[in-house]
Amino acid sequence: MNPLRVAVFATRFPRASDTPFTNILTGLVQRGHLVDVFADEPEAGTQPHPTIAACGLDRRVFYPAARKPGLAGLTAALRVIRRHRGAWWLWRGFSPWQFGGRGLRGEGVRLAESFVGRGPYDAAYAVDGVLGRQALRLRSTGAYDAPILVSYRGSDATDYPAQRPGVYARLFREAALHLPVCQAYASRLRSMGAPSERVRVHGTGLDVREFAWRAHRAAADDGTLRLVSVARLVPAKGLDVALQAVHQLRASGLDVRYDIIGRGKALDALQQLAAELALGPAVTFHGHQPSARVRDIVSGSDILLTPSVTTPSGRQEGIPNVLKEAMLLGLPVVATRHSGIPELVSDGSTGYLVPERDSAALAAALARLVAERARWPEMGRAGRRVVERDYDIEVLNDRFVALLEEARARHHRPR
């Protein structure tokens with residue numbers, strides 16, 4: 001099989017918090033394919049993952065020219081066109097139909113310049129639906145000519161299109177394949193008009209060999225129940241509900257310790273709630289931690305909590321990757337019946353599922369697990385089997401290459 005040349009559209013790259021996406025790109029390179037990443041900017045303060053440097057991907061990341069407002073942007077765009085006189089298609093970057101008012105200010109030219117002298121590409125891959133629209137606009141300029149595959153991973157499949165009816169109409173018509181990360185998102189995309197035959201669920205994978213399973217103790221060594229959540233501190237994660245459940249468990253006489261790993265805008269509100277509930281040292285906010293430290297804390301815990309909720313704007317998660325990581329490590333989990341989570345967590349087999357925003361149900365599920373300590377190793381083994389079967393990154397990367405090949409074989413430009 002000849003190597004594929006793939007143009008990848010990302011917002012920030014490299015990005016420390018997006019290991020699953022990095023695994024896809026490094027997996028392509030490790031399979032002999034050629035990858036160019038077109039990103040808006042690197043994540044501030046991020047050190048590239050060693051795998052990125054090891055496979056040379058850090059030398060194949062291209063950022064657009066500096067943004068300039070108004071007339072300065074137009075002047076800069078004209079200089080770009082003069083510098084690349086052979087790239088006549090750059091003029092299309094001014095198109096107000098493709099880029100709106102930003103096109104008239106030279107935004108399209110600024111983005112398209114990154115493609116001058118690169119390619120041709122066999123396929124283009126957009127990390128999310130918003131970037132899929134950008135990939136389509138840039139293809140219309142002539143920057144590249146390749147089929148577009150689009151992942152849908154979060155807000156781009158939920159509140160973003162819900163607040164902008166029809167925003168994906170053209171993308172649904174012209175993209176080669178739509179790759180939601182879970183069946184729940186696939187159903188949403190089809191209901192919005194995505195062609196069923198071009199919607200393929202393609203989950204985010206993990207290197208399952210990096211996670212050592214162990215049978216978690218059937219009885220607490222010191223009588224303490226150790227809970228952990230790993231999440232961005234934002235309302236969609238439902239950590240306020242988790243704190244209320246911890247309060248209820250402690251009021252019932254159970255000694256509970258709750259570790260929260262992550263950072264975000266909701267930190268102050270969560271700390272204030274913990275103080276109001278008089279949780280004191282029972283709750284520890286660890287902030288952002290390196291992946292090795294996160295794994296140590298999770299592995300030393302008894303149960304992972306993932307109480308995700310639907311926000312008032314309609315935003316939903318897909319399947320949080322921390323659930324997969326905890327199940328690989330052998331933890332039973334308690335989560336909500338939210339979006340794609342029930343596709344991973346089997347109620348009563350690998351953990352328990354409860355309704356969203358129901359702290360009493362969350363506390364009851366945790367209390368039930370405490371009463372079933374003898375089942376924890378069995379639940380841990382069942383959880384690991386599920387992740388190994390459905391989310392092994394090596395298997396998923398082979399499948400992704402097959403999807404790229406399929407899109408290339410069927411490619412034709414819409415007229």
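Just so it is clear, none of the values below were taken in a lab; they were calculated from the coordinates. Note that the structure is predicted; figures quoted are calculated from it, not measured. Here the Cβ positions follow ideal geometry from the backbone for every residue, glycine too, while neighbour counts run over all protein chains shown.
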Query - Whole-Å distance, taken between Cα centres, linking region 12-33 and region 220-269 - result: 31
Requested in this report: Treat every Asp and Glu Cβ in region 58-204 as -1 and every Lys and Arg Cβ as +1, leave all other atoms uncharged, and give the resulting dipole magnitude about the Cα centre to the nearest 20 debye.
Outcome: 540
Report summary line: Magnitude of the Cβ-charge dipole (Lys and Arg +1, Asp and Glu -1) of region 145-293 about the Cα centre, nearest 20 debye, reported as 340
Requested in this report: With springs connecting C-alpha atoms under 10 Å apart, model the chain as a Gaussian network and identify which of Ile393, Ile81, Ile148 has the largest mean-square fluctuation.
Outcome: Ile81
Query raised in the report: If you average the sequence gap of Cα pairs under 8 Å that are 6 or more apart and divide by the length of the chain, what percent do you get for the contact order?
Result: 14
Query - Rounded to 10°, Cα long-axis angle of helix 70-83 versus longest principal axis of the chain - result: 60
Requested in this report: Quote the FRET efficiency, to the nearest 0.05, computed for Arg410 versus Asp40 with a Förster distance R0 of 30 Å and r equal to the Cβ-Cβ distance.
Outcome: 0.55
Report summary line: With Rg from the Cα atoms and Rh as the Kirkwood inverse mean 1/r over Cα pairs, region 16-140 has an Rg/Rh of 0.99
Report task. May I ask you to give the average projected area over all directions of the convex hull of the Cα atoms of region 106-252, in nm² rounded to one decimal? Result -> 14.1
Report summary line: Taking only Cα atoms of the chain, the Rg to Rh ratio with Kirkwood Rh works out at 1.01
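What percentage of all Cα-Cα pairs in region 240-348 are separated by more than 16 Å? Please list the in-between numbers first.
Numbers: 3721 of 5886 pairs.
Counting pairs separated by more than 16 Å, the tail of P(r) holds 63 percent.
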Requested in this report: Taking amide H positions as placed in the peptide plane 1.01 Å from N, state which residues far from Arg337 in sequence (5 or more) or on other chains have amide H under 5 Å from it.
Outcome: Val354, Glu356
Query raised in the report: With springs only between Cα atoms under 10 Å, which of Leu304, Leu404, Leu270 fluctuates most in a Gaussian network model of the chain?
Result: Leu270
Report task. Give, rounded to the nearest 20 debye, the magnitude of the charge dipole that region 209-390 has about its Cα centre when Lys and Arg contribute +1 at Cβ and Asp and Glu contribute -1 at Cβ. Result -> 340
Requested in this report: Pick out which of Thr284, Thr22, Thr310 has the largest mean-square fluctuation in a Gaussian network model of the chain, springs linking Cα atoms closer than 10 Å.
Outcome: Thr284
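What whole-number volume per residue, in cubic angstrom, does the convex hull of the C-alpha atoms of region 305-415 give?
With only Cα atoms used, region 305-415 gives 111 Å³ per residue.
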Report summary line: Neighbours of Gly86 by Cβ distance under 14 Å: Lys/Arg at +1, Asp/Glu at -1, summed charge +3
Query raised in the report: Roughly what angle does helix 359-371 make with the longest principal axis of the chain, taking Cα atoms, 0 to 90 degrees, to the nearest 10?
Result: 60
Requested in this report: Give the residue from Leu329, Ile261, His286 lying farthest towards the positive end of the charge dipole for region 209-390; charges sit on Cβ (+1 for Lys and Arg, -1 for Asp and Glu) and the dipole is referred to the Cα centre.
Outcome: Leu329
Query raised in the report: Just going by the charge dipole of the chain, with Lys and Arg at +1 and Asp and Glu at -1 on Cβ, which of Leu277, Pro320, Val80 is farthest out on the positive end?
Result: Val80
Query raised in the report: For region 169-247, treating each Cα as an identical point scatterer without solvent, what Debye log10 I(q)/I(0) comes out at q = 0.12, 0.25 1/Å?
Result: -0.68, -1.10
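Which number do you get for Rg(Cα) / (2.2 N^0.38 Å) in region 209-390? Don't skip to the answer; put the middle values down first.
Details: Rg = 14.9 Å, N = 182, 2.2 N^0.38 = 15.9 Å.
Normalised Cα radius of gyration, region 209-390: 0.94.
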Report summary line: In degrees, nearest 10, the alpha-carbon axis of helix 376-390 is tilted away from the dominant principal axis of the alpha carbons of the chain by 10
Report summary line: Rh (Kirkwood, all Cα-Cα pairs) for region 335-388, Å, reads 11.6
